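*Asks:* Here it is, the structure in full.
Nothing in this text is a laboratory measurement; each read-out follows from the coordinates by a stated rule. This structure is a prediction, so every number in the text was calculated from the model and none was measured. Don't worry about glycine lacking a Cβ; one is built from the backbone with ideal geometry, like all the others, and counts go over all protein chains shown.
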Amino acid sequence: MHLFHRQSGELYCEQVSVGELAERHGTPLYVYSQGALSGRYRDLSDALEPLDHRVCYAVKANSNLAVLRVLARLGAGFDIVSEGELRRVIAAGGAAGRCVFAGVGKSEREIEFALRRGIYCFNVESIPELVRINRVAARLGKIAPVAVRLNPNIDAHTHAKITTGTYQNKFGVPFERVEEACARAARLKNLRLRGLQMHIGSQLTKAEPFEAAVKKVIPLARKLAARHGLEFLSIGGGLGIVYDRALASGSPAWWQSPPSRGFITPAAYAGRLAPLLKPLGLRILIEPGRFIVGNAGILVTRVEYVKKTGVKTFVIVDAAMNDLIRPAFYDAFHEIVPVSRHTNLLVSSDVVGPICESGDYFCRDRPLPKVRAGDYLALMSAGAYGFVQASNYNSRPLAAEVLVNGARSAVIRRRQRLPELWAGETFPAWLR
């Protein structure tokens, strides 16, 4: 089922008009499809059915409470990287006992909170972290469950800012020192060595890097499981999505269509990895974020001006890099489509925001349907790493978020009000 689609030229999310949502709630506006979100989770979990597995959604991709609640009710676990994310999961109805706590810089406060709440496991990134977790657990009279995150030193051939599995990255214990780290964990009295974890990068669209990493790790996992009684191997996340229709199937609702030209599907992913992993006899954890929520969301923006300089056509919109930073930060591509299509005439355009930075753009020199002031545009595939990376730069309020379920829609985050921008600020005594 195409969950973003057109009816009589108008863009719809499930059974709800995107244009009507924009008129009702204003722009910039994030719109999420609950059906797409649920469908992606089920597709991946079903594909992994041959394995004893748990899908732990990476909360950093999109941490809205409603998104988390949808996934919690589907039985998801969660991959969290801060106390704040763990508190969000709990507030959404998720359980700490289904959460893995990742990240290289866990504070003592965060470790204590997670232990008191019954965290499933800490994915430990260094030997000093093992020592810290043991110390906190001893103080609390608890046994802390840990997994050693290994760095397999495999280049995933993704963007430099989202690769995580080489020795140039800050993540994990070098492959050659993993046995040493596990032995150290086994000697610490307030730790329980529960598993082994890895993650090689994000937005991976082919099976080969995953397969190479799994093949490299399996002999070590088998040895450590026998030695320490490990319960699970986490193979991380990183499954990519289609952002560019030129790489997809070309259907009218390409962002929800089965990808082609080498993009890996859940079935293909599981088909390559499950035969390798099943003989281990361990529970397999996977930690996807973008794959589940990326194509379930869009950012809707209003055209404020069309500015022609004789050299360029600038489509100036009310969304900006503070709302969606991926194009400015990662040089990322997002398909941009009119919410209401008036014409097939294409104009080479730069879509830019109102922030006073040359980097505040969503595309450059891209053929787009001709638009006029007041039209709405949709930036597709904006469900992951969109709102979560938003800021108040230029004192701009955060956008609203809406969730659609069939013919129903609801605001799941109201638009930030301007006075809230400085509500936490104060004057020192000498300025009062």
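*Asks:* Calculate the length of the line joining the C-alpha centroid of the stretch 296-334 to that of the stretch 14-59, in whole Å.
*Replies:* Centre-to-centre distance over Cα atoms comes out at 23 Å.
*Asks:* So, one more: List the residues of the stretch 367-389 whose backbone N lies under 19 Å from a point placed 7 Å from the Cα of Glu10 along the Cα-to-Cβ direction.
*Replies:* From the stretch 367-389, the list is 372, 374-379.
*Asks:* Grab the other residues whose beta carbon is less than 9 angstrom from that of Gly94, score K and R as +1, D and E as -1, and report the net.
*Replies:* On the way: positive: Arg69, Arg88, Arg98; negative: none.
Local charge sum for Gly94: +3.
*Asks:* If I model a spin label as a point 7 Å beyond the Cα along the Cα-Cβ vector, how far apart are those points for Glu23 and Lys216 in nm?
*Replies:* Here the answer is 5.5 nm between the modelled labels.
*Asks:* If you take the square roots of the eigenvalues of the alpha-carbon gyration tensor of the stretch 295-415 and sort them as a ≥ b ≥ c, do you get rounded (a/c under 1.5), prolate (a/b over b/c) or oblate?
*Replies:* Numbers: a/c = 1.80, a/b = 1.28, b/c = 1.40.
Judged from the Cα gyration tensor, the stretch 295-415 comes out oblate (a/c at least 1.5, b/c at or above a/b).
*Asks:* Mind checking which aspartates and glutamates have their Cα closer than 15 Å to the Cα of Lys60? Skip sequence neighbours fewer than 8 apart in that chain.
*Replies:* The reachable aspartates and glutamates, counting only those whose Cα sits under 15 Å from Lys60, are Asp79, Glu83, Glu85, Glu287.
*Asks:* I want the local charge near Ser348. Using Cβ-Cβ distances under 13 Å, sum +1 for each Lys or Arg and -1 for each Asp or Glu among the other residues.
*Replies:* Values: positive: Lys308, Lys312, Arg364, Arg366, Lys370; negative: Asp350, Asp365.
For residues surrounding Ser348, the net value is +3.
*Asks:* For the stretch 1-61, just say rounded, prolate or oblate: build the C-alpha gyration tensor, square-root its eigenvalues into a ≥ b ≥ c, call rounded for a/c under 1.5, and beyond that prolate if a/b exceeds b/c, oblate if not. Could you put the intermediate results ahead of the total?
*Replies:* On the way: a/c = 5.15, a/b = 2.06, b/c = 2.50.
Note, shape of the stretch 1-61 comes out oblate.
*Asks:* Place a +1 charge on the Cβ of each Lys and Arg in the chain and a -1 charge on the Cβ of each Asp and Glu, then give the dipole magnitude about the Cα centre in debye, rounded to the nearest 20. Working shown, then result.
*Replies:* On the way: 57 positive and 38 negative charges, 225 e Å.
With only Lys, Arg, Asp and Glu charged at Cβ, the dipole is about 1080 debye.
*Asks:* How about Lys142: which lysines have a C-alpha closer than 22 Å to its C-alpha, ignoring those fewer than 8 places off in the same chain?
*Replies:* Answer for Lys142, where 22 Å is the Cα cut-off: Lys106, Lys189, listed by chain and number.
*Asks:* Between rounded, prolate and oblate, where does the stretch 27-114 land on the alpha carbon gyration tensor, with a ≥ b ≥ c its root eigenvalues, rounded for a/c under 1.5, else prolate if a/b exceeds b/c? Walk me through the numbers on the way to the answer.
*Replies:* Details: a/c = 2.14, a/b = 1.24, b/c = 1.73.
Verdict is oblate for the stretch 27-114.
*Asks:* Still on this structure: Note down the net charge around Val306, summing +1 for each Lys or Arg and -1 for each Asp or Glu among other residues with Cβ under 13 Å from its Cβ.
*Replies:* Every neighbour counted, the sum reads +3.
*Asks:* Return the sequence-ordered ³J(HN,Hα) values of the stretch 15-29 in whole Hz as given by the Karplus equation 6.51 cos²θ - 1.76 cosθ + 1.60 applied to θ = phi - 60°, using x for Gly and Pro.
*Replies:* Per-residue couplings from phi come out as 9, 10, 5, 5, x, 5, 4, 5, 5, 6, 10, x, 9, x, 9 Hz.
*Asks:* Which value, in debye to the nearest 20, describes the size of the charge dipole of the stretch 295-415 about its Cα centre when Lys and Arg Cβ atoms bear +1, Asp and Glu Cβ atoms bear -1, and nothing else is charged?
*Replies:* Values: 15 positive and 11 negative charges, 69 e Å.
The dipole magnitude comes to about 320 debye.
*Asks:* Further, regarding this structure: Rounded to the nearest 5, what % of DSSP beta bridges with both residues in the chain are antiparallel?
*Replies:* Working: 35 of 72 bridges.
Roughly 50 percent of the DSSP beta bridges within the chain come out antiparallel.
*Asks:* Between Asp365 and Ala138, what is the label-point separation in nm under the 7 Å Cα-to-beta-carbon projection?
*Replies:* Each label point lies 7 Å from its Cα, and together they span 6.2 nm.
*Asks:* Moving on to the next point. Kindly provide the helix-only [θ] at 222 nm of the chain, computed as the sum of -39,500 (n - 2.57) over DSSP H runs of four or more divided by all residues, to the nearest 500 deg cm²/dmol? Spell out each step's value before the answer.
*Replies:* Working: 11 runs with 116 residues, N = 432.
So the calculated ellipticity at 222 nm is -8000 deg cm²/dmol.
*Asks:* With angles folded into 0 to 90 degrees, how steeply does helix 108-117 sit against the dominant principal axis of the chain? Use alpha carbons for both and round to 10.
*Replies:* With both axes taken from Cα atoms, the answer is about 80 degrees.
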